[in-house]
Amino acid sequence: MSSSRLADAELTQKYNQYKNELQQIAQKIGELESEVEEHKLVIESISSLEPDRKCFRMVGGVLVERTVKEVLPALETNYSGIKQVIDSLLQSYKRKEEEFINFQKKYNIQVVSKQ
């Protein structure tokens, strides 16, 4: 009987671990999506400006003066990099979600809502 309780405890622990991992990945995706939107807005705002126009950029907590032609390529690179990370995290989320579903099916886990 104690072995079944241990198995139940292990299953509960594994179930909670899957839920936490999925939640963390989803949270990171949300953060990155808002960051990519900010980059998009800034790129749209400054792309029509003169290349030699002065602009400011935050680098490591320090505001530095640059020109549009210096800042725009870096923003575009960051934008595409963040989008790639989001795509990678989405794939990771889907894989982890499939593992979680298979885990639930394998051990016949059904969630009972508490009301």
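The values are calculated or read from the model by the stated rules, or taken from the named source; none is laboratory data. Because the structure is a prediction, the values reported are computed rather than measured. All Cβ positions, even for glycine, are placed from backbone atoms using ideal geometry, and neighbour counts span all protein chains on display. Heavy atoms of the whole protein, side chains included, go into the accessibility calculation; ligands, DNA and RNA do not. Shrake-Rupley method; radii C 1.70, N 1.55, O 1.52, S 1.80 Å.
Quick look at the numbers
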item: Sole exception among (1) open to solvent by less than 90 Å² (accessible area, probe 1.4 Å); (2) closer than 26 Å to Asn16 by Cα; (3) within 23 Å of the chain's Cα centre (by Cα) for Arg95, by number; result: (1)
item: Filter result (open to solvent by 100 Å² or more (accessible area, probe 1.4 Å) and assigned to a helix (DSSP H, G or I)) within region 41-57; result: Leu41, Glu44
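Residue by residue, here is whether (1) surrounded by 12 or more Cβ atoms within 10 Å (Cβ to Cβ); (2) of a type outside the set (A, V, I, L, M) holds:
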position: Tyr18; (1), (2): yes, yes
position: Val59; (1), (2): no, no
position: Lys69; (1), (2): yes, yes
position: Lys106; (1), (2): no, yes
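Let's see how each residue does on (1) open to solvent by less than 60 Å² (accessible area, probe 1.4 Å); (2) hydroxyl-bearing (Ser, Thr, Tyr); (3) under 30 Å from Asn102 (Cα atoms); (4) assigned to a helix (DSSP H, G or I):
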residue	(1), (2), (3), (4)
Glu21	yes, no, yes, yes
His39	yes, no, no, yes
Val64	yes, no, no, no
Gln84	no, no, yes, yes
Asp87	no, no, yes, yes
Gln91	no, no, yes, yes
